1. What aspartates and glutamates sit close enough to Lys153 to cross-link, taking a C-alpha to C-alpha distance under 19 Å and skipping anything fewer than 8 places away on the same chain?
2. What ³J(HN,Hα) values, in whole Hz, does the Karplus curve 6.51 cos²θ - 1.76 cosθ + 1.60 give for segment 55-69 when θ = phi - 60°, with x put for Gly and Pro?
3. Using amide H atoms built 1.01 Å from N in the peptide plane, name the residues 5+ places from Val147, or on other chains, whose amide H lies under 5 Å from its own.
4. Quick check: convex hull of the Cα atoms in the chain, volume per residue, rounded to a whole Å³?
5. Using only the alpha-carbon atoms, what does segment 128-192 span along each of its principal axes? Please give whole angstrom values in decreasing order.
6. Can you tell me which of Thr180, Thr77, Thr101 moves the most in a GNM of the chain? Springs connect C-alpha atoms under 10 Å apart.
7. Sequence gap at least 6, Cα distance under 8 Å: using those rules, report the relative contact order of the chain to the nearest whole percent.
8. Which net charge results when you count Lys and Arg as +1 and Asp and Glu as -1 among the other residues whose beta-carbon is under 13 Å from that of Asn81?
Amino acid sequence: MSDEIIIAGIGGSLRKESYNAFLLRESARLMPEGSALKIIDISSLPMFNADRIGSRSEVVDAFRESIRSCHGLLFATPEYNYSIPGFLKNAIDVASIPSSTSPFRNRAAGIISASQGHFGGMRAQYHLRQVLVYLEVIPLARPEFFVHDARSKFGSDGMIVDEELRERLRKYLDTLVTFTRKVSGDILESGQ
Ligand SMILES: Cc1cc2nc3c(=O)[nH]c(=O)nc-3n(C[C@H](O)[C@H](O)[C@H](O)COP(=O)(O)O)c2cc1C
């Protein structure tokens, strides 16, 4: 891996006009110098079935490899019924097995969420944090990043129309990249 910090962007919504997908795309545009966001398409991953453990799947292998080849992760997730969408949980489950070669271990991660409601997806974020603990992902604790009332924050082209939000996202990404640089540097130094 080069000095450039590469973050894998994983979205939790299949919706064409997804605010969380908009958030990821805007993040790709706002990444600080010396870093890039690679948005990973998880829409064609199979449903996890433990009976198929050990059988090869090109799409799963490619997903695992795209996580492994990045320094850190950025999840942009909606909140469904106070949790993360099953679609996103399935993608995480699929990539996490076999656990001996899990690509998640020791990866830094940011979590952002957009919701049309007033709480900005915070309950989904806390559930996702719990899942990441088991996977030994190292989530950025603060700042937290929620977008409430998302409908009023994006234009029909998917761009953020709220200047304060764009600035907050830029700062969040700066912090995430600095954090990821530190976490991945510490891991390299410790030889893990
Ligand atoms: C099945 C389902 C459950 C939902 N549950 C919640 C919820 O618990 N809390 C919330 O704030 N919004 C909830 N919503 C609304 C979504 O967060 C909102 O539609 C959001 O814009 C979806 O994200 P997206 O724009 O990225 O597709 C739910 C939507 C669906 C379809």
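Readers should treat all values here as calculations from the given coordinates under stated rules, not as data from a laboratory. It should be emphasised that the depicted structure is a prediction, and the values quoted were computed from it without experimental measurement. When we count neighbours, we look across all protein chains shown, and the Cβ atoms used for this are built from the backbone with ideal geometry, even at glycine.
1. Within the straight-line cut-off, Lys153 pairs with Glu17, Glu26, Glu79, Glu144, Asp162, Glu163, Glu164, Glu167.
2. Computed from phi, the couplings for segment 55-69 are 8, 6, 9, 4, 5, 5, 4, 5, 5, 4, 5, 5, 6, 4, 7 Hz.
3. Ser113, Ala114, Ser115
4. Measuring per residue, one finds 115 Å³ for the Cα hull of the chain.
5. 46, 23, 20
6. Among Thr180, Thr77, Thr101, the largest mean-square fluctuation in the Gaussian network model of the chain belongs to Thr101.
7. Reported as a whole number, the value is 25 percent.
8. Around Asn81, the surrounding residues sum to +1.
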